[in-house]
Amino acid sequence: MTFVADVAPPRVIIAGEHFQPILPYLQEAYPGIDAARVAADALEASLADADVLVPTMVRITEAHMACAPRLRLIHQWGAGLEGVDIAAATRRGIAVANVPTAGGGNAMSVAEWCVMAAICLSRSYPQVQAQVLEGGAWGFPAGFSLLGKSAGIIGLGGIGQALAERLKPFGMRLLGIKRSADPALHAQLGLDWSGTMADLPTLLSQADYVFLCTPLTAKTRDLIDAAALRAMQPQAYLINPARGGLVNEQALLDALTSGRLAGAALDVFWQEPVACDHPVVRHPRVLSTPHIAGVTDASYRHIAAGLSANIRRVMQHKRPDNCANPAVTPWYA
């Protein structure tokens, strides 16, 4: 197929109704862009003139691609690409790309959410707010300080590193796990202990707070299962800003119900959006947020800049940066 020289702004479809702030940030980064948001159930019917597709909690399948003869780029708003059929995109000559977490506002924003979550769990928020709103006793309940506690960070990529830097001033003992040993990073972050995934039981047995900052892969799915939860210290806290599939759903509920786990903070779930009556979400010792750990002005401006730059690249018949299928042969080249 021969593509006519670019004269009109690229047509960008944002898939799904979630993450509403995306559109204005993209328009700010790429003035004049032709962008629209389309509900998931109307997506296939709306792709005929799409040049770029941005998934938001919508799985992008080959069936979608078959409806998009002009599609040049599938670009995640952020890092995670597990919802995109990359093999199908490659077969069809469609580039797939993302904006890495490290080096921008996203890692910083997620790390800030982790600190917030740890403090909220330790201070029994939102239960303490209810004491005021409902006229309960003042000066109760007592909270726990982060000072002197141990933080176990599973995954020392961009988010894990940003989190370690932000927890250090609280006087916490920092434990970290990386896929391979990295003495230089250990020293750079001032970790008190570090290991590889083989050392996970050691980290779990020592940490008062366990932070999940690793991608979801076949090897990490159900990383925190019943055995892992039993290995954690009694009354420890679990904090997950990464992916729901890292944690076994039933095992987490059992640990919370039995009282073995003091609490959990979850920004991600096994299916999103999670049902509002889900027993984990409704548990009194669970802090739930709607996948907003990275939703801040800093992270969105960084992501919008990266996406805009890649749109310009593909519209100039170039491969995008951070291409997940670099071997792709674009049909429009």
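The table for this structure:
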quantity: Meets criteria (surrounded by fewer than 18 Cβ atoms within 10 Å (Cβ to Cβ) and of a type outside the set (Ser, Thr, Tyr)) for Ala218; calculated: yes
quantity: Test: residue in the range 167-188 that is surrounded by fewer than 22 Cβ atoms within 10 Å (Cβ to Cβ), in contact with a helix residue (DSSP H, G or I) (Cβ under 6 Å, 6 or more places away or on another chain) and assigned to a helix (DSSP H, G or I); calculated: no
quantity: Every residue from the range 112-150 that is within 30 Å of Leu185 (Cα to Cα) and either in contact with a Cys (Cβ under 9 Å, 6 or more places away or on another chain) or not hydrophobic (A, V, I, L, M, F, W, C) (or both); calculated: Glu112, Cys114, Ser122, Ser145, Gly148, Lys149, Ser150
quantity: Residue in the range 115-123 that is at pLDDT below 90 and buried (at least 17 other Cβ atoms within 10 Å of the Cβ) present; calculated: no
quantity: Set Val295, Val314, Val281: member being among the hydrophobic types (A, V, I, L, M, F, W, C) and free of Cβ contacts under 8 Å to residues at least 60 places away in the same chain; calculated: Val281
quantity: Residue match in the range 213-224 (condition: assigned by TED's automatic domain parsing to the domain that holds Gly157 and in contact with an Asp or Glu (Cβ under 7 Å, 6 or more places away or on another chain)); calculated: yes
quantity: Single residue of Val38, Val58, Val54 found to be farther than 30 Å from Leu156 by Cβ, under 18 Å from the mean Cα position of the chain (by Cα) and not assigned by TED's automatic domain parsing to the domain that holds Gly160; calculated: Val58
quantity: Residue in the range 133-141 that is under 27 Å from the mean Cα position of the chain (by Cα) and either assigned by TED's automatic domain parsing to the domain that holds Gln206 or of a type outside the set (A, V, I, L, M, F, W, C) (or both) present; calculated: no
quantity: Residue match in the range 289-299 (condition: aliphatic (A, V, I, L, M), over 23 Å from Gly105 (Cβ atoms) and over 14 Å from the mean Cα position of the chain (by Cα)); calculated: no
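Here is a yes/no grid of residues against (1) touching a strand residue (DSSP E or B) at 6+ places or on another chain (Cβ under 7 Å); (2) over 18 Å from Pro55 (Cα atoms); (3) outside the structural domain of Leu229 (by TED's automatic domain parsing):
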{"site": "Thr257", "(1), (2), (3)": "no, yes, no"}
{"site": "Arg260", "(1), (2), (3)": "no, yes, no"}
{"site": "Ala265", "(1), (2), (3)": "yes, yes, no"}
{"site": "Pro273", "(1), (2), (3)": "no, no, no"}
{"site": "His278", "(1), (2), (3)": "no, yes, no"}
{"site": "Val281", "(1), (2), (3)": "yes, yes, no"}
{"site": "Arg301", "(1), (2), (3)": "no, no, yes"}
{"site": "Ser308", "(1), (2), (3)": "no, no, yes"}
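The values are calculated or read from the model by the stated rules, or taken from the named source; none is laboratory data. All figures in this text were calculated on a predicted structure; none of them were measured in a lab. Heads up, the Cβs are rebuilt from the backbone with ideal geometry, glycines too, and the neighbour counts pull from every protein chain shown.
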